[in-house]
Amino acid sequence: MKTAFSTKPSAKVAAKVGLWLLLVTACGVAVAAILRLVSTLGYAFTGVTTVALPGLGYSRTYPSGPSVLGPKVQQVLHGGNIDLVLQGIPGEALVLNTAASVLGQLTTLLVCAAVIMLCWRLLRGVPFASTLTRFISIMGGVLVLIGVVVPILQGFSKLVIVNSLDNVLTVESPIGKGNLEYYIVFSVDLLPVVLGVALLLLAAVFAKGAQLQRDTEGLV
């Protein structure tokens, strides 16, 4: 039976080189995600975390320093969002924010794992396997779940953090104060959901391919 590599030698070599490059890249990204995960956990053990908050229109000017919001704020970073580097925040907020960050890195690791598995199976010339299909289905479901859970965790953590800060509603404050629903919506990231759905569709394609391969082998 012909495989993905049973074509011209030049095309076969180019395909293998491309797969090896993709495999190595996925491994590198996975290592970077693991290092970032370790860094996130390390900072959490010291009580330091970073949270992105929206400006809700209460502030007319940016403060010259973080002291306006109280001693918990170590640094205010202005950009598309307002990032606060915090220490000494309530324990539940630190746990929720760290859990959301860990799940975010898990998204990267799951995608890398799927790419590595696919590349390895293609390099071996046996892309269709029930175990691969099962793993990809599980990864896709977990990614969709992460896309739903992370905004909820971040929404609760941001609400607790904002309520613990000082002078949030003063004109000097770089942030405003919203409700839980606003912070959840602000934290929504559709990328894990999209990647999860893509993996689920890919798993369905592989399941169909495996079935067709079994049917073809039964005719030989």
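A few comments on the model shown:
- Placed amide H near Asp166: partners under 5 Å, 5+ positions off or other chain: Gly70
- Gain upon complete extension [Trp120, Asp83; 0.36 nm per residue less C-alpha separation]: 9.4 nm
- Derived scalar couplings between HN and Hα for segment 172-187 equal 7, 6, x, 10, x, 10, x, 9, 4, 4, 5, 5, 5, 4, 4, 8 Hz in order, rounded to whole Hz, by the Karplus curve 6.51 cos²θ - 1.76 cosθ + 1.60 (θ = phi - 60°), x for Gly and Pro.
- Cα gyration tensor shape for segment 68-214, rounded if a/c is under 1.5, else prolate or oblate: prolate
- Shape call, segment 112-198: gyration tensor on alpha carbons, a/c limit 1.5: prolate
- Protein-only accessible surface order, largest first, of Leu200, Leu21 at 1.4 Å: Leu21, Leu200
- For segment 138-146, putting each phi into the Karplus relation 6.51 cos²θ - 1.76 cosθ + 1.60 with θ = phi - 60° gives couplings of 5, 4, x, x, 5, 4, 4, 5, 4 Hz, in residue order, rounded to whole numbers and with x for Gly and Pro.
- Distant-in-sequence amide contacts of Leu53, defined by a placed amide H-H separation under 5 Å and a gap of 5 or more residues or a different chain, comprise Ile82, Asp83, Leu84.
- Using θ = phi - 60° in the Karplus curve 6.51 cos²θ - 1.76 cosθ + 1.60, the 3J(HN,Hα) couplings for segment 36-44 round to 5, 5, 4, 5, 4, 5, x, 5, 4 Hz; x is entered for Gly and Pro.
The values are calculated or read from the model by the stated rules, or taken from the named source; none is laboratory data. Just so it is clear, the structure is predicted and the values come from calculations on it, not from any experiment. Each accessible area value is taken on the protein alone, full model and side chains, heavy atoms only, with ligands, DNA and RNA left out. Shrake-Rupley method; radii C 1.70, N 1.55, O 1.52, S 1.80 Å.
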